[in-house]
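Participant: Dumping the structure here so I can ask a few things about it.
The numbers here are math on the coordinates, done by the rules we state, and not lab data. Owing to the predicted nature of the structure, the values given are computational and were not obtained by experimental measurement. Cβ atoms come from the backbone with ideal geometry, glycine included; neighbour counts cover every protein chain shown.
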Amino acid sequence: MRRLWIGVVYIVFLLLLIIPLIEIVTGAWSDGWSGFKEALIRPQAIHALGMTALIVVIVTAINTLFGVMLALYLVRAEWIGPRVKRLLNSLVDLPFAVSPVIGGLMIVLLLGPNTVIGALLEGTGFKVVYALPGMVLATLFVTFPLMVREVLPVLQEIGSQQEEAASTLGAYSWYTFWKVTWPSIRWGVIYGVVLTVARSLGEFGAVLVVSGNIMNKTQTATTLVYQDVENFNVTAANGVALVLAVFSVGLLLLMEWAKKRKEVH
């Protein structure tokens, strides 16, 4: 039975990951190097990849800052009652329970051009939906739990004794964080950053809803792949998808290497 289950796992792994990845590689190179190059140097592809990179940078920075802050509050803040902590803890997992498409729809219903808040913002010249801010918000919605869930268990494990000792000796809160807390959580933060980048690269549903998928304006790499497939431009779709897959797989391999390096030291 043990060998049977191991064999089933390998078969599922092969069918769901390896074979599709091989199909993407072969599809991207079906027209040779010229076809692959043409798929990536198209103006819409350059814009979509650049937009994706910009969103990844913004989302990762915001996610890291506020994710670490929320994890610290959930574990260390004594003034927050246990009921409030449980509520916040449940809200952190909301993106895991809700479809990204629904998350994008909520942003449109709250900040869209036909809403009161959206109209007020557009009146000041700040457009949210069908623009970069909305795409950033949608990506933040689906990636926010990743940083919190990586850092929070580490904070719970290390306890607060060292931080309390530093505070007793007169260290300021900021100094205590950098000298005591940060060395203990840095690997958790690194893992959270890697997962956030990988998830941001592949986000599709929420971004598609809030962006409008306007070519050369609000199109990301994933929505460009979707459009290419819809237009039966499969080779170009595979080329862009291969770039995203290489970055995501490379980041995950980097994370595994970092884990092994951490264990060695």
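Participant: Arrange the peptides 135-144, 63-72 so that the one whose residues have, on average, the most other Cβ atoms within 10 Å appears first.
Facilitator: The packing order, highest mean first, is 135-144, 63-72.
Participant: Add +1 for every Lys or Arg and -1 for every Asp or Glu among the other residues with Cβ under 14 Å from the Cβ of residue 178, and state the total.
Facilitator: Once positives and negatives cancel, what remains is +1.
Participant: Here's a follow-up. Place a point 7 Å from Cα of residue 169 in the direction of its Cβ. Which residues in region 179-208 have their backbone N less than 15 Å from it?
Facilitator: Under 15 Å, as judged by backbone N against the label point of residue 169, lie 179-183 of region 179-208.
Participant: While we're looking at this one, here's another question. For residue 127, give me every one of the lysines with a C-alpha distance below 23 angstrom, ignoring sequence neighbours fewer than eight places off in its own chain.
Facilitator: Of all the lysines, those that pass the test against residue 127 - Cα under 23 Å, at least 8 places apart if same chain - are 217.
Participant: I want to verify the translational diffusion coefficient of region 78-127 in µm²/s; compute it with Stokes-Einstein, Rh as the Kirkwood radius over Cα pairs, at 37 °C and 0.692 mPa s.
Facilitator: For the chosen part, D equals 251 µm²/s.
Participant: Please compute the net charge surrounding residue 47, taking Lys and Arg as +1 and Asp and Glu as -1 over other residues with Cβ under 15 Å from its Cβ.
Facilitator: Combined, the nearby Lys, Arg, Asp and Glu give +1.
Participant: Suppose every Lys and Arg Cβ carries +1 and every Asp and Glu Cβ carries -1, with no other charges. What dipole size does the chain come out with about its Cα centre, to the nearest 20 debye? Spell out each step's value before the answer.
Facilitator: Details: 18 positive and 15 negative charges, 107 e Å.
Charge dipole, the chain, about its Cα centre: 520 debye, nearest 20.
Participant: Could you name the lysines in cross-link range of residue 260, using Cα to Cα under 26 Å and dropping any fewer than eight places away on the same chain?
Facilitator: Reachable lysines: 179.
Participant: Quick one: 3J(HN,Hα) in Hz for region 41-58, Karplus 6.51/-1.76/1.60 with θ = phi - 60°, rounded, Gly and Pro as x.
Facilitator: Whole-Hz 3J(HN,Hα) from phi for region 41-58: 9, 4, x, 5, 6, 4, 5, 5, 5, x, 5, 4, 4, 5, 4, 4, 5, 5.
Participant: Still on this structure: Based on the alpha-carbon set only, what is the convex hull volume of the chain divided per residue, in Å³?
Facilitator: Taking only Cα atoms, the chain has a hull volume of 198 Å³ per residue.
Participant: What is the local net charge at residue 204, summed over the other residues whose Cβ is closer than 14 Å to its Cβ (Lys, Arg +1; Asp, Glu -1)? Don't skip to the answer; put the middle values down first.
Facilitator: Numbers: positive: 199; negative: 203, 228, 230.
That works out to -2.
Participant: Please arrange 220, 115 by counting, for each residue, the other beta carbons lying within 10 Å of its beta carbon, fewest first.
Facilitator: 115, 220
Participant: Related question: Could you calculate the FRET efficiency of residue 19 with residue 99 from 1/(1 + (r/R0)^6), where r is the beta carbon distance between them and R0 is 22 Å, rounded to 0.05?
Facilitator: 0.25
Participant: What is the angle, in °, between the Cα long axis of helix 221-230 and the longest principal axis of the Cα atoms in the chain? Nearest 10 is fine, range 0 to 90.
Facilitator: 30
Participant: Between region 157-185 and region 60-98, what's the alpha-carbon centroid distance in Å?
Facilitator: The distance from the Cα centre of region 157-185 to that of region 60-98 comes to 20 Å.
Participant: To continue, here is another question. Highest GNM mean-square fluctuation, the chain, Cα pairs closer than 10 Å: which of 190, 158, 11?
Facilitator: Answer for the Gaussian network model of the chain: 11.
Participant: Once the Cα gyration tensor of region 103-231 is found, what semi-axes does its equivalent ellipsoid get, as square roots of 5 times the eigenvalues, in whole Å, sorted largest first?
Facilitator: Each semi-axis is the square root of five times an eigenvalue, giving 39, 19, 11 Å.
Participant: Let me ask another. In which sequence would 128, 243 go, from the one with the fewest C-beta neighbours within 10 Å to the one with the most?
Facilitator: Arranged by neighbour count, lowest to highest, 128, 243 become 243, 128.
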